[in-house]
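The values are calculated or read from the model by the stated rules, or taken from the named source; none is laboratory data. Not measured: the values here are computed from a predicted model. Here the Cβ positions follow ideal geometry from the backbone for every residue, glycine too, while neighbour counts run over all protein chains shown. Keep in mind that these areas ignore ligands, DNA and RNA; they rest on the heavy atoms of the full protein, side chains included. Shrake-Rupley method; radii C 1.70, N 1.55, O 1.52, S 1.80 Å.
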Amino acid sequence: MLLTLAWGAVFFPGLFALCTWGIRRARPEWPEYDCVMIGTRVVSSAQAVLATGSGIAIIHSCKNVVSDRGLGESLGTSSLAASSRQN
């Protein structure tokens, strides 16, 4: 989990910097505000695509999206399930 967080902390700012640098090189007449705005939208679009992909992966890995906990966690290993058994 920490490795994924570290990759995200490097990937998204790096994508933003690469986009703004590339736009400034490709269109030097554009103001910096426009370059930053387009870089922000590219990063936002990448985040949306990745979030959609992870949502689709979760939906396809569960038989019942509402009550199923996915492939990585069974009812016996779930801390939520363990706490609900005490009631």
### Message
Six or more apart or on different chains, Cβ atoms under 6 Å: show the pairs whose first residue is in segment 39-56 and closer than 17 Å to GLY22 by Cβ and whose second is part of a helix (DSSP H, G or I) and among the hydroxyl-bearing types (Ser, Thr, Tyr).
### Response
GLY39/THR20
#### Entry: Failed item, numbered, when SER45 is tested on (1) at pLDDT 95 or above; (2) touching a Leu at 6+ places or on another chain (Cβ under 6 Å)
(2)
### Query
Quick one: is GLY70 more than 25 Å from PHE11 (Cα to Cα), more than 15 Å from the chain's Cα centre (by Cα), modelled with pLDDT under 90 and surrounded by 10 or more Cβ atoms within 10 Å (Cβ to Cβ)?
yes
### Task
Report yes if SER61 is farther than 23 Å from PHE12 by Cβ and small (Gly, Ala, Ser), otherwise no.
yes
## Note on the structure
Taking segment 17-39 and keeping only residues that are of a type in the set (A, V, I, L, M, F, W, C) and either over 27 Å from the mean Cα position of the chain (by Cα) or open to solvent by less than 70 Å² (accessible area, probe 1.4 Å) (or both), one is left with ALA17, CYS19, ILE23, ALA26, TRP30, CYS35, VAL36, MET37, ILE38
### Task
Evaluate segment 40-60: report whether one residue or more is touching a Ser or Thr at 6+ places or on another chain (Cβ under 6 Å), assigned to a helix (DSSP H, G or I), surrounded by 13 or more Cβ atoms within 10 Å (Cβ to Cβ) and of a type outside the set (A, V, I, L, M).
no
